[in-house]
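Undergrad: My structure is below; once you've seen it, I'll send some questions.
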Amino acid sequence: MSKAYDNNNVFAKILKGIIPCQKIDENKFSLAFTDINPQAPIHILVIPKNPYIDFYDFTKNATSEEVKFFWELVNEVISKKNIVEKGFRIITNSGKDGNQDVPHFHVHILGGRNLGKMIS
Ligand code: AMP
């Protein structure tokens with residue numbers, strides 16, 4: 001049985017306007033905002049506006065238009081933040097082993113310094 005989406009997760013509340021966020025950009029299907037606990041000088045989260053739990057759920061169930069708008073917003077953010085040339089890292093955590101804290105699909109965009117080989 002597939003997992004159910006938790007309507008009360010913190011990103012759902014941001015999307016409903018119940019909790020504020022520091023918005024960077026948005027499009028029809030996606031929203032980008034600053035991570036509240038930044039791990040690098042640039043640490044931005046990109047989320048779909050529709051309710052998907054994780055990478056697998058999003059990739060399996062989102063429309064191709066949603067997927068396209070999602071990655072377009074990621075590219076818009078890295079362009080806006082001037083890290084296309086310098087580089088960046090995109091991370092998505094999933095499930096227990098991935099240590100995903102917020103059960104609404106998101107990618108972390110990290111940059112602004114050399115991030116090392118991997119984040120442990
Ligand atoms: P993950 O462990 O991949 O689920 O990451 C969840 C991320 O959400 C963490 O990096 C948190 O710092 C971030 N976060 C949690 N609450 C908020 C919030 N209200 N606004 C912005 N970022 C948040």
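Undergrad: Taking the chain as the reference, fit the longest principal axis to its C-alpha atoms, fit the long axis of helix 64-80 to the helix C-alpha atoms, and give the angle between the two in degrees, 0 to 90, nearest 10.
TA: For 64-80 against the chain, the angle is about 30 degrees.
Undergrad: Another one. Loop only by DSSP, 10 or fewer other Cβ within 10 Å of the Cβ. Give me the trypsin sites (Lys or Arg not before Pro) in the stretch 33-110 that pass, ordered by residue number. Walk me through the intermediate numbers first.
TA: Details: sites: LYS49, LYS60, LYS68, LYS80, LYS81, LYS86, ARG89, LYS96; in loops: LYS49, LYS81, LYS86, LYS96.
Sparse-neighbourhood loop trypsin sites (Lys or Arg not before Pro): LYS96.
Undergrad: On alpha-carbon atoms, Rg over Rh for the chain using Kirkwood Rh? Present the calculation step by step, with values, prior to reporting the outcome.
TA: Numbers: Rg = 14.0 Å, Rh = 14.8 Å.
Using only Cα positions, Rg/Rh for the chain is 0.95.
Undergrad: With +1 on each Lys and Arg Cβ and -1 on each Asp and Glu Cβ, how big is the dipole of the chain about its Cα centre, in debye rounded to the nearest 20? Before the final figure, lay out each step's value.
TA: Details: 15 positive and 13 negative charges, 43 e Å.
So the dipole magnitude of the chain works out to roughly 200 debye.
Undergrad: Sticking with this one: Can you pull out the trypsin sites (Lys or Arg not before Pro) in the stretch 15-48 that DSSP calls coil and that have at most 11 other Cβ atoms within 10 Å? Don't skip to the end; give the middle numbers.
TA: Numbers: sites: LYS16, LYS23, LYS28; in loops: LYS28.
Within the stretch 15-48, the qualifying trypsin sites (Lys or Arg not before Pro) (loop, at most 11 other Cβ atoms within 10 Å) are LYS28.
Bear in mind that the values in this text are calculations on the coordinates, not laboratory data. Computed from a predicted model, the values in this text were never measured in an experiment. As a convention, Cβ positions derive from the backbone with ideal geometry for all residues, glycine included, and neighbour counts pool all protein chains shown.
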